[in-house]
Amino acid sequence: MLNLCYPHELLAEESSIQTVFNYGAVGIAKGLDLGSTKADVEVKGRICAPLWLLPDLYKRNMISFEMPEVYNDRYRRKFNAGAECLSLKNKAPFFYEVGMKCNSMLQDVELSNFLSRTFQRRYQDLISKGLNTMSGEEVLELHCKLSVEEQQLFEGGRASITACERWVQRDYSNYLPKDTRKKRSAVSETAVAQDDSKQRRS
């Protein structure tokens, strides 16, 4: 079920998927694919359809579809070569979201394992390192490699680190009762006065 509280889920649903219609469809070709020259989809016709349209048609065996190329074996080898070898921002901005939604139809264990391994590896090699060691310019460079989901995770981590640093450096005096603050202030003033008198005597 689509969660409208998260805009990236809505945007992921608009991803185009290469779809094969097992039966003909009348009058929908141009509506689904603006580059189509025909109004109807022929039997076994191929068309780029939005992801949100696929689940109900797939359940009725009306279509089959091809996973985007970023999930194929050639790209999987690139992912395995290292997290920094592939930028997802432009190639597959909703890499995990689209992959999981497609796999909810395919029920492919291998694809599920691939998505899990990719996330774990990229989290360790890119996001975790970025949170601990990177400068401002390096963070901008890292952003160019991350998918939308990874960017949200990274920015959430940065916000947590900033909040933690503020908590460590916080001024405890603001949390003390007013009477206690006055007593501490009076003690500090007395101590300063005593130091001044000692310096004058010496």
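May I ask you to verify whether Ser135 is exposed (fewer than 14 other Cβ atoms within 10 Å of the Cβ) and modelled with pLDDT of 90 or more? Judged against the criteria, Ser135 is not a match.
Yes/no matrix, rows are residues, columns are (1) farther than 25 Å from Asn72 by Cβ; (2) in contact with a helix residue (DSSP H, G or I) (Cβ under 8 Å, 6 or more places away or on another chain); (3) of a type in the set (Asp, Glu):
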{"residue": "Ser112", "(1), (2), (3)": "no, yes, no"}
{"residue": "Thr118", "(1), (2), (3)": "no, yes, no"}
{"residue": "Leu126", "(1), (2), (3)": "no, yes, no"}
{"residue": "Glu149", "(1), (2), (3)": "no, yes, yes"}
{"residue": "Gly156", "(1), (2), (3)": "yes, no, no"}
{"residue": "Ala163", "(1), (2), (3)": "yes, no, no"}
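Tell me whether the stretch 72-92 contains one or more residues that are more than 30 Å from Tyr123 (Cα to Cα), crowded, with 17+ Cβ neighbours inside 10 Å and touching a Phe, Trp or Tyr at 6+ places or on another chain (Cβ under 8 Å). No. Tyr75 meets all of the listed conditions (1) not in a loop (DSSP other than H, G, I, E, B); (2) not assigned by TED's automatic domain parsing to the domain that holds Ser116 but one, namely (2).
Among the residues making up the stretch 130-149, those that are out of contact with any Leu (no Cβ under 7 Å at 6 or more places or on another chain) and either under 25 Å from Tyr71 (Cα atoms) or among the β-branched types (Val, Ile, Thr) (or both) are Thr133, Val139, Glu141, His143, Cys144, Val148, Glu149. If you go through the stretch 111-129 and pick out every residue that is closer than 24 Å to Glu9 by Cβ and either more than 14 Å from the chain's Cα centre (by Cα) or not aromatic (Phe, Trp, Tyr) (or both), you end up with 13.
For the stretch 33-51, the criterion of being in a helix (DSSP H, G or I) and farther than 17 Å from Leu106 by Cβ is met by no residue.
Of note, Phe65 satisfies the criterion of being among the aromatic types (Phe, Trp, Tyr), surrounded by 14 or more Cβ atoms within 10 Å (Cβ to Cβ) and modelled with pLDDT of 95 or more.
Given the residues Leu111, Leu54, which is the only one that is outside the structural domain of Lys129 (by TED's automatic domain parsing) and either in contact with a Lys or Arg (Cβ under 9 Å, 6 or more places away or on another chain) or not in a strand (DSSP E or B) (or both)?
Numbers: Leu111 fails: outside the structural domain of Lys129 (by TED's automatic domain parsing).
That would be Leu54, the only listed residue that is outside the structural domain of Lys129 (by TED's automatic domain parsing) and either in contact with a Lys or Arg (Cβ under 9 Å, 6 or more places away or on another chain) or not in a strand (DSSP E or B) (or both).
The values are calculated or read from the model by the stated rules, or taken from the named source; none is laboratory data. As the structure is a computational prediction, the values presented were derived from the model and not from experiment. Backbone-built Cβ (ideal geometry, glycine too); neighbour counts: all protein chains shown.
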